[in-house]
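Right, one structure below, let's go through it.
The values are calculated or read from the model by the stated rules, or taken from the named source; none is laboratory data. These figures come from a predicted structure and were not determined experimentally. No Cβ is skipped: glycine too gets one built from the backbone with ideal geometry, and neighbour counts run over all protein chains shown. These accessible areas exclude ligands, DNA and RNA; they are computed on the full protein's heavy atoms, side chains included. Shrake-Rupley method; radii C 1.70, N 1.55, O 1.52, S 1.80 Å.
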Amino acid sequence: MKKIIYLFFAISLLACESVNFDDPSTLTNDEAIEKIKSLGYVLTTSSVQTAFRTTTNNAGGSHFSILADQSTNTNGSQSWWDFANEPRLRMNNNSAYRGNAAVREVYNNFYQVNLDATKVIDMIENKNVTIYDDAGNDRTADCLVGAYYAKGVSQGYLGVIYDRGIIVDDVSVTTRAFPDSYRALIENGIRHLDRALELTANTPNLKFDFLKGVTIPRADVVRLTNSIAARILSSLARDRAEAETLGDAFWRRVQDYAGKGFTSDFTITTVSGGYYNRLVDVLEQPYGTATYVPVDIKIAYLADNTRSTPNYYPVDNDVILQPVTSDDKRFYEYFDYSASFGILMEARGRGLFSNYIRKRWMYPSSTLNIEGAVNPYFLAEELRLLRAEALFWLNDYEGAAAELNAAGASRKIRGGLPDVDPTEDALRAALHYEYAIEIDGAGGTFVPFTFMRRNDLLQGGTLTQFPVPQIQLDLVGEQTYTFGGKEFAGEKGLFGELATARDNGWKLSQ
């Protein structure tokens, strides 16, 4: 099969008339369903693979890492320097801007996932189509689970990352606008994930083989769906005030999903042409004795037990910061000191410099895109942090501290750190530290950015969300808009949410 066309133009999904019935590239939707028995399986596979890839991609993910001060850069590639700049710049939402690839790629990928999955669900639930794989096996039940999972991830992630969008749950939708808020997108995504869980429970022989070379066991599909739901739901708030007003029932939902998630790290081994964690790969890519995307000074600042590391690199050319000492054994396991500044350019701001690089996931070949490399997809420790944070928002400080101080917690068993006191300040600091050290790039596209967002830890002037890409706005005749910039700190979005961080983060704006 070459390709099947069902048109997505200006966020509309429409069937087209057949021009040449014998040419599979010109089949209408109904003709394609009739002619190609594996169409639903192909679409499910495509949507699941793209969902997995985009949750840990490079474009977008590396930018969020920089905005969260997990990483730093002065490179013009992908406009990384613009995102790292201090004071923060207003994001350029022009389609021709190189950095807009981060906005555009994530948006396009997730909407394509949503559309493919919507088509599969329509085929099964509305057209009563039986879906076969290429070997002629009936895969209808499996594909329905995969489609709802992919829809939940795509719509949920769109709501976490963008301020607005359109809920596309109907193949005949023709709305030429972006009427749905980030909250509506997230809640709709969660509903789809709940449906995936319901279907999984009723599919005892589920075969989830939509990732090349990987079949995820049914029990892990359940854990994965709950884990992703906890991550998405917890990432709704754009600032601390919104996180507080979400209420106890909301944070109990987060706690419930997280409690049913992974209890051990969920990793994926690379196969030829299969999935690999592109974000971690680019964050650890060597450049001599440094890396292309160095660790921000924030990491050393938080780990330094002498509290002498500044939060902004000294601009005096004669000063090179020496290695820090840390009480956390993980710091030496996950990060390396380098006296080389590598690709960092002094003329673009020495204050953005760093002496630390990542090494935690580095494969001997210096890339995860090779057979046998182990890719982090969802760390069990993130679920522990989500449970602890949910308890924190519920004002159960004793319960939150118990999660962090558990014998099996990474900060204890690998880091050798002392117990966290059950106080508001101590818990906030510990959670911030754990997201910065333990989760880092392994959290995927937007973690730990969203943790910092909902806890007022972003630098002042940092955008809290991406705008809809200009190319999409142009298609429907809407004005281009954007967020970010020091002079716009405290700016509100269309729905009253904080769109540009106030200057009350982990460090004050330059």
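Within the range 171-193, being open to solvent by 60 Å² or more (accessible area, probe 1.4 Å) and free of Cβ contacts under 8 Å to residues at least 60 places away in the same chain holds for P179, R191. Pairs meeting the criteria (first residue in the range 218-242 and closer than 10 Å to F262 by Cα, second residue open to solvent by 10 Å² or more (accessible area, probe 1.4 Å) and among the acidic types (D, E), beta carbons under 9 Å, at least 6 apart or on different chains) are T225/D194; N226/D256. Residue under question is S79, and the condition is that it be buried (at least 24 other Cβ atoms within 10 Å of the Cβ) and within 25 Å of E487 (Cβ to Cβ); does it hold? No, not satisfied.
Taking the range 378-409, which residues are small (G, A, S) and not in a loop (DSSP other than H, G, I, E, B)? Of everything in the range 378-409, those that are small (G, A, S) and not in a loop (DSSP other than H, G, I, E, B) turn out to be A380, A388, A390, G399, A400, A401, A402.
Residues in the range 92-113 that are more than 24 Å from Q49 (Cα to Cα) and touching a residue at least 24 places away in the same chain (Cβ under 8 Å): N92, N93, N94, S95, G99. T225 meets the conditions (1) part of a helix (DSSP H, G or I); (2) surrounded by fewer than 18 Cβ atoms within 10 Å (Cβ to Cβ) in every case but one. The failed one is (2).
Note on the range 256-300: among residues that are open to solvent by less than 10 Å² (accessible area, probe 1.4 Å) and assigned to a strand (DSSP E or B), the one that is nearest to A51 (Cα to Cα) is I268.
Run down N128, N114, N108, N94 and say which single residue is of a type in the set (S, T, N, Q) and closer than 16 Å to G60 by Cβ. Before you say what the answer is, go through the steps one by one.
Working: N128 fails: closer than 16 Å to G60 by Cβ; N114 fails: closer than 16 Å to G60 by Cβ; N94 fails: closer than 16 Å to G60 by Cβ.
Checking each option against the conditions leaves just N108.
Taken residue by residue, the range 352-366 has at least one member that is at positive phi and assigned to a loop (DSSP other than H, G, I, E, B). Each residue in the range 454-472 was checked for being in contact (Cβ under 8 Å) with a residue 60 or more places away in the chain and either open to solvent by 10 Å² or more (accessible area, probe 1.4 Å) or outside any loop (DSSP other than H, G, I, E, B) (or both), and 8 pass. From the list A380, A442, A430, the lone residue that is open to solvent by 10 Å² or more (accessible area, probe 1.4 Å), within 17 Å of the chain's Cα centre (by Cα) and not acidic (D, E) is A380.
A196: more than 17 Å from the chain's Cα centre (by Cα), small (G, A, S) and either open to solvent by 20 Å² or more (accessible area, probe 1.4 Å) or over 30 Å from M452 (Cβ atoms) (or both), yes or no?
On the way: more than 17 Å from the chain's Cα centre (by Cα): yes; small (G, A, S): yes; either open to solvent by 20 Å² or more (accessible area, probe 1.4 Å) or over 30 Å from M452 (Cβ atoms) (or both): no.
It is false that A196 is more than 17 Å from the chain's Cα centre (by Cα), small (G, A, S) and either open to solvent by 20 Å² or more (accessible area, probe 1.4 Å) or over 30 Å from M452 (Cβ atoms) (or both).
Tell me whether the range 157-173 contains one or more residues that are over 29 Å from S235 (Cβ atoms) and in a helix (DSSP H, G or I).
Within the range 157-173, the subset over 29 Å from S235 (Cβ atoms) is 172.
From the residues that got through so far, the ones that are in a helix (DSSP H, G or I) too are none.
Looking through the range 157-173, none of the residues is over 29 Å from S235 (Cβ atoms) and in a helix (DSSP H, G or I).
Yes/no per residue for (1) at pLDDT 95 or above; (2) under 16 Å from L391 (Cβ atoms):
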{"site": "A230", "(1), (2)": "yes, yes"}
{"site": "D239", "(1), (2)": "yes, no"}
{"site": "L246", "(1), (2)": "yes, yes"}
{"site": "A249", "(1), (2)": "yes, yes"}
{"site": "D256", "(1), (2)": "yes, yes"}
{"site": "T267", "(1), (2)": "yes, no"}
{"site": "L279", "(1), (2)": "yes, no"}
{"site": "Y287", "(1), (2)": "no, no"}
{"site": "I297", "(1), (2)": "yes, no"}
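Once the range 301-335 is narrowed to residues that are within 23 Å of P286 (Cα to Cα) and of a type in the set (V, I, T), the residue that is most open to solvent (accessible area, probe 1.4 Å) is I320.
Inspect the range 126-144 for any residue being part of a helix (DSSP H, G or I), of a type in the set (G, A, S) and open to solvent by less than 10 Å² (accessible area, probe 1.4 Å) and give the result as yes or no.
Keep residues of the range 126-144 that are part of a helix (DSSP H, G or I), which gives 126, 140-144.
Subset that is of a type in the set (G, A, S): 141.
Applying the additional criterion that residues be open to solvent by less than 10 Å² (accessible area, probe 1.4 Å) yields none.
Scanning the range 126-144, I find no residue that is part of a helix (DSSP H, G or I), of a type in the set (G, A, S) and open to solvent by less than 10 Å² (accessible area, probe 1.4 Å), so the answer is no.
A count restricted to the range 392-405 and to residues that are among the hydrophobic types (A, V, I, L, M, F, W, C), surrounded by fewer than 22 Cβ atoms within 10 Å (Cβ to Cβ) and closer than 21 Å to E333 by Cα stands at 0. T450: in a helix (DSSP H, G or I) and either out of contact with any strand residue (DSSP E or B) (no Cβ under 9 Å at 6 or more places or on another chain) or open to solvent by 10 Å² or more (accessible area, probe 1.4 Å) (or both), yes or no? Yes: the conditions hold for T450.
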